[in-house]
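Right, one structure below, let's go through it.
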Amino acid sequence: MKAKDISNLYLFCQSVECGGFAAASLKTHVSAPTLSRAVASLEDKLGEKLVHRNAKQFQLTTAGDEYYQRFAALFMQLNDEWTQLSNSQPVLTGEIRVSCPEPFADNFLQKMAIEFMQLHPEVSVTIQFSAGTERFFDEQIDLAIVTTPPHASHLIQRQLFESPLMLAASPSYIEKHGQPEQAEELINHQLLSGNSLPYWELKEDEKAIRIPYQPRYSVSSLRLNIDATLAGAGICMMPRAAFEKRAKRKELVEVLPDVECPTGKAFLVWADRKLIATRVVAFRDMIFERFGQSAEFLASINSERD
C-alpha cells in the first residue's frame, strides 16, 4: 500500500466523520476539491464506489461503510498512540453542534457549554432548538437531546433521565373554570401545549384514556408554558419537580391528582456511522455526568423568576 493511498484513505475517513467535504476541509485544513479528488482517486484504486455525493448529499455506499468501519478506528488508534508517545494531551479544537428543545438550553445546556468553552478555549459550541432528529445529518449535528427516542438504525441513543409528569393550573384558572373531576372533562378546558402531540395519553382507574385536544395556546417551550399556566391561561402537563416549588407558594394547584400521566424522558443521540470527534466525546461525557442530577435540572425550570 502506497503512502498516497494511506493519505487518501485518511482523508476519506475524515470526510465521513465530518459528514462532507466542506466540514472536513475546516478540520483538516485541506480544500474541499482536494478532499473530493482524494476520495475519487481512492475509488479508482479500489474499483468501488464509496460515496454517493452531490451538492446536497454525502451518503456512504455499502462498500464505503465497510471501508470506513475497518479503517477509521485504526486512524483513531494511531492518533492515540501518537499522543501517548509524545507525552502530551491533545488540545480540543473545532465546533460542536447540538440540537435540543428550548428548556434544555435555557436552563441547563447553555451554562454547560459556556463552562466547556472556558475549559477548552479553542472549541466553539452551536446550539439550535429542535425537538427531533429529522435534520440530524442535514444540519451536521453532533449531539441531539430529544424527548422521543429516534427509530433510525444509524443513530445511537442513551436515556439521560425520566421524570413523572402531572397536570397543574393556577388557582385563578380553577376559580374561573372549575376543577375537573374526571379526565374526560379536560376536553372542555383550556389546555396548554409545548409539542405537536394530537392527544394526552392518561390512565384513570387503571384504564387508558386519550384526551384529544387543540391547545388554546401552544409554544415550544416548557418554561413559557409554565409561565402561561401561572398567568391563568389554562391547564398544563409539567414535570412534578417543576410543580412542587410553585405549589408550596400556592401559585399552582394539581389537577386530577388521581389520574396517572405519562413519564417524561430525555435521550442523548449521536451518529454511529462516523468516528465521533474527541471534543464531542468530552462534551457528551459532561452531559452524562451533569444529567445524573436530573432532579436539580427539572426543579431549575423557570427558576430565574423566583
Restricting attention to region 102-125, the residues that are in contact with an Asp or Glu (Cβ under 9 Å, 6 or more places away or on another chain) and either assigned to a strand (DSSP E or B) or open to solvent by 70 Å² or more (accessible area, probe 1.4 Å) (or both) number exactly 3
Qualifying residues in region 126-158 (those that are among the charged types (D, E, K, R) and open to solvent by 50 Å² or more (accessible area, probe 1.4 Å)) - the one nearest to I287 (Cα to Cα): R158
When you look at E260, is it of a type outside the set (G, A, S), in contact with an Asp or Glu (Cβ under 8 Å, 6 or more places away or on another chain), modelled with pLDDT of 90 or more and open to solvent by 10 Å² or more (accessible area, probe 1.4 Å), yes or no? yes
Condition first: under 17 Å from G94 (Cα atoms) and not hydrophobic (A, V, I, L, M, F, W, C). Now tell me which residues in region 129-146 satisfy that. E139, Q140, D142
Output the number of residues of region 180-203 satisfying the condition of being open to solvent by 70 Å² or more (accessible area, probe 1.4 Å), assigned to a loop (DSSP other than H, G, I, E, B) and over 18 Å from T147 (Cβ atoms). 2
Exactly one of A233, A228, A247 is open to solvent by less than 40 Å² (accessible area, probe 1.4 Å), in a loop (DSSP other than H, G, I, E, B) and not charged (D, E, K, R), and that one is A233
The residue that is modelled with the lowest pLDDT, considering only those in region 174-199 that are more than 34 Å from the chain's Cα centre (by Cα) and under 24 Å from S221 (Cα atoms), is N188
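The values are calculated or read from the model by the stated rules, or taken from the named source; none is laboratory data. Owing to the predicted nature of the structure, the values given are computational and were not obtained by experimental measurement. All Cβ positions, even for glycine, are placed from backbone atoms using ideal geometry, and neighbour counts span all protein chains on display. Ligands, DNA and RNA are excluded from the accessible area calculation, which covers all protein heavy atoms including side chains. Shrake-Rupley method; radii C 1.70, N 1.55, O 1.52, S 1.80 Å.
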